[in-house]
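Colleague: Below you'll find the structure I mean.
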Amino acid sequence: MALRIIDHGTDEYKQMVNLRNLLLRKPLGLTFDKEELEKEKNDILLGCFDDEKLEGCCLLTATGPKTVRLRQMAVVSGLQGKGIGKVLMQFAENIARDRGYTKIMMHARTTAVGFYEKLGYRKTSGEFEEVTIKHYVMEKDL
């Protein structure tokens, strides 16, 4: 398992977009548009690879001088529950900390709240709907 930062526009990035589209967008009848993907040039793009095959990914988007937002967390179906998400989250937290951020926040799907709580995140909002799915704002101080 290799964790690394992905450069926007590379073959690894294309794998990342495909995985996110397959797991997060397509089931909701949604797709990415060019403008949305273009904005990701400013994000920290993270991936977990086995050889050169992407197994999990997420993005960190700066929302303030000391806060980043975790977005688009995805792990290949069939590999969930095998520790990839946990390792990827630890990597994301370390990268954020190394870059001077002191807090990570996210809009977590209700189905993923337990996963994030085990990693020390706490709900900081009531339930709300986003992209047709129930979410909570969750945060963790680094």
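Colleague: So which pairs qualify, if the first residue must be in the range 70-93 and surrounded by fewer than 18 Cβ atoms within 10 Å (Cβ to Cβ), the second must be small (G, A, S) and in a strand (DSSP E or B), the Cβ gap must be under 8 Å, and the two must be at least 6 apart or on different chains?
Modeller: That search, which allows pairs on different chains as well, returns L79/G56.
Colleague: Among the numbered criteria (1) at pLDDT 95 or above; (2) within 16 Å of M16 (Cα to Cα); (3) aliphatic (A, V, I, L, M), which one does V68 miss?
Modeller: (2)
Colleague: Let me ask something additional. One residue is enough: does the range 51-64 have a residue meeting the conditions modelled with pLDDT of 95 or more and farther than 20 Å from G9 by Cα?
Modeller: Yes, that holds for at least one residue.
Colleague: Here's another thing I want to ask about it. Filter the range 106-115 for residues that are hydroxyl-bearing (S, T, Y) and in contact with a Phe, Trp or Tyr (Cβ under 9 Å, 6 or more places away or on another chain) and give the result.
Modeller: Within the range 106-115, just T110 meets the criteria.
Colleague: If you don't mind, another one. For residues that are more than 13 Å from the chain's Cα centre (by Cα), within 22 Å of L79 (Cα to Cα) and outside any strand (DSSP E or B), scanning just the range 1-20, find the one that is modelled with the lowest pLDDT.
Modeller: M1
The values are calculated or read from the model by the stated rules, or taken from the named source; none is laboratory data. Keep in mind it's a predicted model, so treat the numbers as computed, not measured. Note that each Cβ is placed from the backbone with ideal geometry, even for glycine, and that neighbours are counted across all protein chains shown.
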